[in-house]
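Notes for the one structure printed next.
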């Protein structure tokens, strides 16, 4: 996933089926970060979908969903490193 | 259209309580969660589980499904009676067009009416080669469309889309004015790009990964070998003494973005079969004459 392609808040809400409010709350709580003001990386798309699904499927609190997303991102980074070194 | 047994998908009885259904869903959501599941068909199973839960967790949809599904077995050809849903008033509008099966769309299609005048969004599958050539592609989208009775069916809409060179996995292509019409100005259509799995190529961001099979002597002595790439053939120098598993990086020969990605060639040494008489004789000679222990030091 590239970090240099940025999308707008509005695009993020459309492709992830979440509301602006949903995103704003999680930005304020630090569960989600914008690349620059109102702009997001494609990595954020993945994170938002993940958090939304975890919250919905397991009735997870946003903080817990964000924590699981953190762990999954870490797992992916480690797996990618393993793949490169193999 | 096949009848879908949503109770079977979730592994619950028809009489299951809302709580039992929720528990069964969570157990399966964990089992088939695409990020952690080791099941080969996790994604497809998760989709079925989501669809089953979308119906059975909603009292109105569940009641309609129960009434309609009496006497059907899973996989059986299914025809809903005309206007079967008269008398059901669905209050929720949470249907995400295209995500669920035809069976779901047929049954609950009338809830598919999306907010009008909004940006629409669809995933589009491209070939890795498309990122190099930037072709114009026909993209078929299934769009929920309402008829005169307010009932929604999936309609196929074909668009010609110019794919930009250097397009990346996850990137959005915005087609102005191709979203839903709102009486006034229509919204945009956002296409999210994904690549079909390819037998030889794998894309990681801007980098292109390719397996490179080489003969033992090419690896040992070094060679210049041709590699077929989406943009055409490229001659690559294998350094002498290259071992299997080594990854050669060719700068700037990945996805042609700005700056372009790299090409990563994973060397795979392929041995000639010893069934060939001449090859066998050479192997036997090497075995005799070379003091070589591949496990030395391991």
statement: Counting only residues that are in a loop (DSSP other than H, G, I, E, B) and either in contact with a strand residue (DSSP E or B) (Cβ under 9 Å, 6 or more places away or on another chain) or modelled with pLDDT of 75 or more (or both), the stretch B:141-168 contains a total of 7
- request: Within the stretch B:32-49, identify whether any single residue is over 27 Å from the mean Cα position of the chain (by Cα) and without any contact (Cβ under 8 Å) to a residue 60 or more places away in the chain, and answer yes or no.
  value: no
- prompt: What is the one condition in (1) touching a strand residue (DSSP E or B) at 6+ places or on another chain (Cβ under 8 Å); (2) within 12 Å of chain B (Cβ to nearest Cβ); (3) over 17 Å from residue A:72 (Cα atoms) that residue A:34 does not satisfy?
  reply: (2)
Residues of the stretch B:5-41 that turn out to be in contact with a helix residue (DSSP H, G or I) (Cβ under 9 Å, 6 or more places away or on another chain), within 24 Å of residue B:103 (Cα to Cα) and not in a helix (DSSP H, G or I), as a count: 9
message: Looking at the stretch B:147-171, I want the residues that are within 29 Å of residue A:42 (Cα to Cα) and within 14 Å of another protein chain (Cβ to nearest Cβ) and have a partner that is part of a strand (DSSP E or B) and modelled with pLDDT of 85 or more with Cβ atoms under 6 Å, at least 6 apart or on another chain. Which pairs are those?
response: B:167/B:193; B:169/B:195; B:169/B:203; B:171/B:193
task: Filter the stretch B:1-23 down to the residues that are more than 26 Å from the chain's Cα centre (by Cα) and crowded, with 16+ Cβ neighbours inside 10 Å, then identify the one that is nearest to the other protein chains (Cβ to nearest Cβ).
output: B:22
query: What is the residue count in the stretch B:179-202 for residues that are away from chain A (no Cβ under 13 Å) and either within 29 Å of residue B:228 (Cα to Cα) or modelled with pLDDT of 75 or more (or both)?
result: 6
statement: Every listed condition ((1) within 24 Å of residue B:187 (Cβ to Cβ); (2) modelled with pLDDT of 90 or more; (3) touching a helix residue (DSSP H, G or I) at 6+ places or on another chain (Cβ under 6 Å)) holds for residue A:23 save (3)
- request: Would you please list the contacts, defined by Cβ atoms under 8 Å and residues six or more apart or on different chains, that run from a residue in the stretch B:276-298 that is touching a residue at least 12 places away in the same chain (Cβ under 8 Å) and in the same structural domain as residue B:216 (by TED's automatic domain parsing) to a residue that is outside any helix (DSSP H, G or I) and loosely packed, with under 10 Cβ neighbours inside 10 Å?
  value: none
- request: Being under 25 Å from residue B:135 (Cβ atoms) and touching a helix residue (DSSP H, G or I) at 6+ places or on another chain (Cβ under 9 Å) narrows it down to one of B:256, B:260, so name that one.
  value: B:256
query: Taking the stretch A:56-86 only, how many residues are surrounded by 15 or more Cβ atoms within 10 Å (Cβ to Cβ) and within 12 Å of chain B (Cβ to nearest Cβ)?
result: 7
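The values are calculated or read from the model by the stated rules, or taken from the named source; none is laboratory data. Bear in mind that the values here come from a model prediction, so they are computed numbers and not experimental data. Neighbour counts are summed over all protein chains in view; Cβ atoms, including those assigned to glycine, are modelled from backbone coordinates with ideal geometry.
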